[in-house]
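The values are calculated or read from the model by the stated rules, or taken from the named source; none is laboratory data. Everything quoted here is computed from the prediction, not taken from an experiment. Note: ideal-geometry Cβ built from the backbone for every residue, glycine included; neighbour counts use all protein chains shown. Ligands, DNA and RNA are excluded from the accessible area calculation, which covers all protein heavy atoms including side chains. Shrake-Rupley method; radii C 1.70, N 1.55, O 1.52, S 1.80 Å.
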Amino acid sequence: MRKFKFLMFSLLLAGAAFTSCSKDDLLDVPEIDNPVVTIKRDGVAITTINDKNAGEVVPVVARFDMGAQESRLEKIKITTLVGGQSFVVLDSTLNDGWFNRGDKFVERKYNIAVGQSTSTITFETKDVKGRVGSTTITVAPAGTPVPKVERVVLLAGQLNTTATYGGFYSVAIDKSFKLEDAVTNAQYIDFVYYYGNTNKATISPVSDPIFSKYEGGSYVGPTGYEKPIAQFAVKNATKFAAATADNYTAGTMPTATFAAEGQTNLAVGDYRAFKTVLGQKGIFRVVKLEGTDGSNRSITLDVKVIQ
């Protein structure tokens with residue numbers, strides 16, 4: 001009987017010790033505490049996109065879950081590797097910017113642009129204890145894409161929100177983006193169109209300092225782009241130079257000096273050559289300028305990519 005009582009007492013002590021342990025004391029497999037990232041397409045978790053052509057956009061939902069100890073998520077980071085170059089396209093705290101702080105998880109819709117070559121996108125989250133969870137998906141075009149050499153490109157002015165196309169253009173994908181998708185596919189954006197009071201019809205690299213220019217404490221860059229372009233984690237410095245009709249017709253690049261600066265006050269019939277960060281080069285011709293105010297401005301370009 002005494003042995004039985006001693007055994008019961010020992011079990012009670014062990015139980016008390018067990019219940020008094022903290023989550024940290026009980027953790028035998030640290031990996032289960034890391035946040036979990038899942039990318040879903042049409043409700044199904046994926047690691048690859050390879051059934052769409054270059055230039056198409058695939059909507060996915062990125063879900064960021066707390067780890068086993070439910071430590072609150074703190075940051076989100078999205079990194080793309082394309083053409084051998086790594087681009088951080090989003091780096092945000094969860095209670096600021098693109099994300100709202102979630103209870104146990106955060107979901108974010110994300111439109112992935114399919115490029116001309118294979119790329120990877122890594123979605124990562126970090127909790128307040130510094131634990132990191134991530135997942136990487138591979139994005140490849142279906143078949144072997146043949147990029148169009150000659151293209152017609154329509155771009156909307158910065159305040160033109162009714163156009164079906166956007167004001168940001170990617171040479172690599174041959175696609176114009178509206179603002180939201182341009183921000184999260186910033187690694188592909190080669191130039192942007194705006195129409196200002198002083199710098200009228202302008203094609204500019206997103207890296208142009210004018211987008212963060214202040215005088216006397218007031219923003220003096222293009223109206224409507226002060227906050228949006230500040231959201232770009234990648235600001236590609238596409239370089240431009242003056243070109244001629246002969247350059248365009250013959251498909252030859254000019255010998256002029258190229259610089260990463262806006263091409264301002266463009267007029268119909270103007271030619272500009274460009275070189276992108278991802279290695280594309282070519283010449284565009286201004287075909288049409290339309291609109292009478294910010295709500296309906298647009299530009300039409302003939303773009304010739306020179307192989």
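Tabulated results
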{"quantity": "Two-site FRET efficiency, Val57 against Thr122, from Cβ-Cβ distance with R₀ of 25 Å, rounded to 0.05", "calculated": "0.85"}
{"quantity": "Distance (nanometres) between label positions extended 7 Å along Cα→Cβ at Thr300 and Ala142", "calculated": "3.0"}
{"quantity": "Net length gained if the chain between Thr292 and Val268 were fully extended (0.36 nm per residue, minus Cα distance)", "calculated": "7.1 nm"}
{"quantity": "Computed lengthening from Ala45 to Glu180, 0.36 nm per intervening residue step minus Cα-Cα distance", "calculated": "46.3 nm"}
{"quantity": "Sequence of Leu179, Leu155, Leu81 from largest to smallest accessible area, 1.4 Å probe", "calculated": "Leu81, Leu179, Leu155"}
{"quantity": "Signed unit charges on C-beta, dipole axis of the chain, positive-most listed residue Thr264, Ser134, Pro222", "calculated": "Ser134"}
{"quantity": "Dipole axis of the chain (+1 Lys, Arg; -1 Asp, Glu on Cβ), positive-most option in Asn199, Phe123, Val183", "calculated": "Phe123"}
{"quantity": "The chain: calculated mean residue ellipticity at 222 nm from DSSP helix runs of at least 4, using -39500 (n - 2.57)", "calculated": "-3000 deg cm²/dmol"}
{"quantity": "Rounded to the nearest 20 debye, dipole of the chain from Cβ charges on Lys, Arg, Asp, Glu", "calculated": "440"}
{"quantity": "Within the stretch 244-265, backbone nitrogen closer than 20 Å to the virtual label 7 Å beyond the Cα of Gln85 toward Cβ", "calculated": "253-254, 257-263"}
{"quantity": "Cross-link table Lys200/Lys288; Lys75/Lys109; Lys75/Lys104; Lys175/Lys304; Lys104/Lys129, entries beyond 24 Å C-alpha to C-alpha", "calculated": "none"}
{"quantity": "Total formal charge among the other residues, if their Cβ is under 13 angstrom from that of Asp51, Lys/Arg +1 and Asp/Glu -1", "calculated": "0"}
{"quantity": "q = 0.06, 0.15 Å⁻¹, the chain: log10 I(q)/I(0) [Debye, one scatterer per Cα]", "calculated": "-0.29, -1.18"}
{"quantity": "For Asn296, net neighbour charge (Lys/Arg +1, Asp/Glu -1) across residues whose Cβ lies under 14 Å away", "calculated": "0"}
{"quantity": "In degrees, nearest ten, helix 2-19 long axis to first principal axis of the chain (Cα)", "calculated": "20"}
{"quantity": "In Å², nearest 10: area of Arg285 left accessible to a 1.4 Å probe", "calculated": "70"}
